[in-house]
Amino acid sequence: MVEFVDVSKYCLKDLNLKINKGELCTLKGIGKTTFCKLASSCIFPDKGTIRIDGIVSNPKNTHFIKRKVAFLHDGQEVDDGVFIQNKTLAWNLTYFLKVMKKYDKSVGTRQVVSLLEKLGLVEKKDVLICHLSHTETIKATIGYAVLKGPLLLLVDMPLFSLNQNTQTMIFDIIKTMNTFGTTVIFTLSGGGIPYKTREISLMHECHCEE
């Protein structure tokens, strides 16, 4: 599913790593965000080869890889600005479904409202993205990932800064996505993830420079 062969970029040097489809993984060490950016084709290696679901990561294949990957990171943008800041939360999610050709006319907005209810955001459906709180924005990015249904989910967000109920909800959603085949990679440190993951130390998988 994810294959890095002799990949070098910034602090990552000669990284060799393979992650199979459906695995739950936690990254450790330096270069975690760089790894996620490489795996989502936000940046490209200076040396080496990256394959995502068999597709070589390069500028020509960016579109194909981004359709398979959801990269969730801290801030009000996911996947380089999928949220339009001056539009409402519900509008953004509905628009995204249409772009992905997953919008069901027979269901209409109920598809989005149902998801927002699960996320505890239904009362925020008519709020502009730029007016959401930090916690609400994180929930919204999770909603985006659910709708996208990616083969690979990269979670580079400070989930442990959220209250316990919100953490539990998000981890449950991610676990369900994994159950249906999504490969999940966390950059979280610490022992707070409520299920077993494969721990990957980037220090052990490559030669890292200080």
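The values are calculated or read from the model by the stated rules, or taken from the named source; none is laboratory data. Predicted model only: the values in this text are computed from it and were never measured. Backbone-built Cβ (ideal geometry, glycine too); neighbour counts: all protein chains shown.
Does Glu23 qualify as being over 28 Å from Thr109 (Cβ atoms), surrounded by 16 or more Cβ atoms within 10 Å (Cβ to Cβ) and free of Cβ contacts under 8 Å to residues at least 60 places away in the same chain? In short, no.
Matching residues to (1) farther than 25 Å from Leu17 by Cα; (2) at pLDDT 95 or above:
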site	(1), (2)
His131	yes, no
Ala145	no, no
Leu152	no, yes
Leu162	yes, no
Asn165	yes, no
Ile170	yes, no
Asn178	no, yes
Leu188	no, no
Gly191	no, no
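When the range 49-79 is filtered for residues that are modelled with pLDDT under 90 and touching a Pro at 6+ places or on another chain (Cβ under 7 Å), only Asp74 remains. Report whether or not Gly108 is modelled with pLDDT under 90, within 23 Å of Ile174 (Cα to Cα) and exposed (fewer than 12 other Cβ atoms within 10 Å of the Cβ). It is false that Gly108 is modelled with pLDDT under 90, within 23 Å of Ile174 (Cα to Cα) and exposed (fewer than 12 other Cβ atoms within 10 Å of the Cβ).
Go through the range 123-180 and give me each residue that's aliphatic (A, V, I, L, M), over 23 Å from Lys28 (Cα atoms) and in a loop (DSSP other than H, G, I, E, B). Residues satisfying the conditions are Val127, Leu132.
Contact map, the range 55-69: residues that are farther than 16 Å from Glu3 by Cβ paired with residues that are among the small types (Gly, Ala, Ser) and not in a strand (DSSP E or B), Cβ distance under 8 Å, separation 6+ or inter-chain. Pairs shown: Thr62/Ser41; Lys66/Ser40; Lys66/Ser41. Considering the range 26-39, and only residues there that are modelled with pLDDT under 95 and small (Gly, Ala, Ser), the residue that is surrounded by the fewest Cβ atoms within 10 Å (Cβ to Cβ) turns out to be Gly29. Residues considered: Leu38, Leu27, Leu72, Leu93. Of these, the only one that is assigned to a helix (DSSP H, G or I) and touching a helix residue (DSSP H, G or I) at 6+ places or on another chain (Cβ under 7 Å) is Leu93.
Between a first residue in the range 105-133 that is among the small types (Gly, Ala, Ser) and a second residue that is part of a helix (DSSP H, G or I) and surrounded by 20 or more Cβ atoms within 10 Å (Cβ to Cβ), which pairs have beta carbons less than 8 Å apart while being 6 or more apart in sequence or on different chains? Close Cβ pairs (under 8 Å, with a partner that is part of a helix (DSSP H, G or I) and surrounded by 20 or more Cβ atoms within 10 Å (Cβ to Cβ)) amount to Gly120/Lys139. Asp46 satisfies every condition listed in (1) loosely packed, with under 13 Cβ neighbours inside 10 Å; (2) modelled with pLDDT under 95 except (2).
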